[in-house]
Amino acid sequence: MNIGFIGLGAMGAPMAERVVKAGYPVFTTFHKRREPADALAALGACVLSTAEEVARAADVVITILPADAELHETVLGAHGLAEGFSQGKVLIDMTTATAMSLLQAERALSAVGGRVLDAPVSGGTTAAAQGTLTIMVGGDPALLEECRPLLATMGTRIVHVGPLGQGKVVKMVNQMLAATHLLAIGEAFALGVRCGAEPATLYSVIKESSGYSKMMDLRLQGFLLSGSFLPGFKLDLMKKDVNLALDSARAQGVPLLLTSAVAQLFTAASTAGNGSADFSAAAQLVADMAGVDLSRAGGVKPATRTVST
Ligand code: NAD
């Protein structure tokens, strides 16, 4: 089975590497920077010029792109996947995007007999490198079973969550919670520090208490408590994810009071120059408002500082 892989970023590059190392013939292309494609070629992948060529060469094409606009361009743009698709070929889209954009792609591909699975991921770059991602799959369960061995090269928890588009929905809800938990940690820890608590003490106690969130394990040590904001997961991608939720809420007529505030804080953090930093920089921005630097012993005050990568 020939595999196409498009989107060799922080997530896609290690995921594609695992697919190559599992022995699948892999065809890829490049976008702006050639280096990630060349690195994959050094492991045995074949680099082609366009998404259309990748679709012609592959039986199954995997995409993991930033968001809706890039998915649209890659599938429906000039020399996009749709131009190389034909009967029986499969697209597995792993992008965190809206269900709407995926369904639009599916309409174009199914018109020529193509099939589509929706398969966003959770777990971050470490899980991508280790092949331990959670993969939330929407679409035909029989098609998932056909593709399961391929997905198993990238993830250990492969969950069928419903029809096409439902993977995007589950991922969107996860991202709303992850972003909200992160900023709540920034705000609550800043108050604790202003009241004299040590961030490490707060963490060790709350880890076993009702205020605990897994986000503490993911973003305190190594990021907020060490003052290091190398991504990781880029802040602008989380800003995008929170806005996907607001777009969906608008379409459904659902109020999102907390998520609206969270979106504004991510916009502020991005505008302050942290868009390419890890998304945990937004929690430090919230702590900055309280004059607290979470990375300094005792959270030493004050002046708002700029977080840089
Ligand atoms: P990234 O920005 O590092 O990588 C995106 C890649 O897509 C880049 O290599 C870029 O060159 C490529 N690309 C963009 N437009 C393209 C096009 N038109 N044709 C071909 N390639 C194109 O992003 P990432 O961190 O790898 O995230 C990818 C997706 O996975 C996003 O939807 C993100 O929300 C999601 N995600 C990321 C993480 C994480 O921890 N980084 C975790 C889970 C899910």
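For every residue, the table says whether it meets (1) touching a Lys or Arg at 6+ places or on another chain (Cβ under 9 Å); (2) among the aromatic types (F, W, Y); (3) surrounded by 22 or more Cβ atoms within 10 Å (Cβ to Cβ); (4) part of a helix (DSSP H, G or I).
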site	(1), (2), (3), (4)
F5	no, yes, yes, no
L8	yes, no, yes, no
P14	no, no, no, yes
S49	no, no, no, no
E70	no, no, no, yes
E73	no, no, no, yes
L91	yes, no, yes, no
A105	no, no, yes, yes
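Screening A119, A152, A142 for residues that are outside the structural domain of S213 (by TED's automatic domain parsing) and closer than 21 Å to L71 by Cα leaves exactly one candidate, A119.
G113 fulfils the conditions (1) under 16 Å from the mean Cα position of the chain (by Cα); (2) on the phi > 0 side of the Ramachandran plot except for a single criterion, (1). If only residues of segment 110-141 that are aliphatic (A, V, I, L, M) and farther than 22 Å from M172 by Cα are counted, the one that is surrounded by the fewest Cβ atoms within 10 Å (Cβ to Cβ) is A111. Taking segment 148-165 as the range and being surrounded by fewer than 18 Cβ atoms within 10 Å (Cβ to Cβ), within 17 Å of the chain's Cα centre (by Cα) and closer than 17 Å to E106 by Cβ as the test, no residue passes. Within segment 107-150, the residues that satisfy the criterion of being more than 16 Å from the ligand (Cβ to nearest atom) and either among the hydroxyl-bearing types (S, T, Y) or outside any helix (DSSP H, G or I) (or both) are S110, A111, V112, G113, G114, R115, V116, G139, D140. Selection within segment 204-250: residues that are at positive phi and surrounded by fewer than 19 Cβ atoms within 10 Å (Cβ to Cβ). The member of this set that is farthest from the ligand (Cβ to nearest atom) is G227.
Looking at this structure, is V161 more than 18 Å from M215 (Cα to Cα), touching a Cys at 6+ places or on another chain (Cβ under 9 Å) and either in the same structural domain as V60 (by TED's automatic domain parsing) or assigned to a strand (DSSP E or B) (or both)? Spell out how you get there, then give the answer.
Working: more than 18 Å from M215 (Cα to Cα): yes; touching a Cys at 6+ places or on another chain (Cβ under 9 Å): no; either in the same structural domain as V60 (by TED's automatic domain parsing) or assigned to a strand (DSSP E or B) (or both): yes.
In short, no.
The values are calculated or read from the model by the stated rules, or taken from the named source; none is laboratory data. It should be emphasised that the depicted structure is a prediction, and the values quoted were computed from it without experimental measurement. Every residue, glycine as well, gets a Cβ built from its backbone with ideal geometry; the counts of neighbours run over all protein chains shown.
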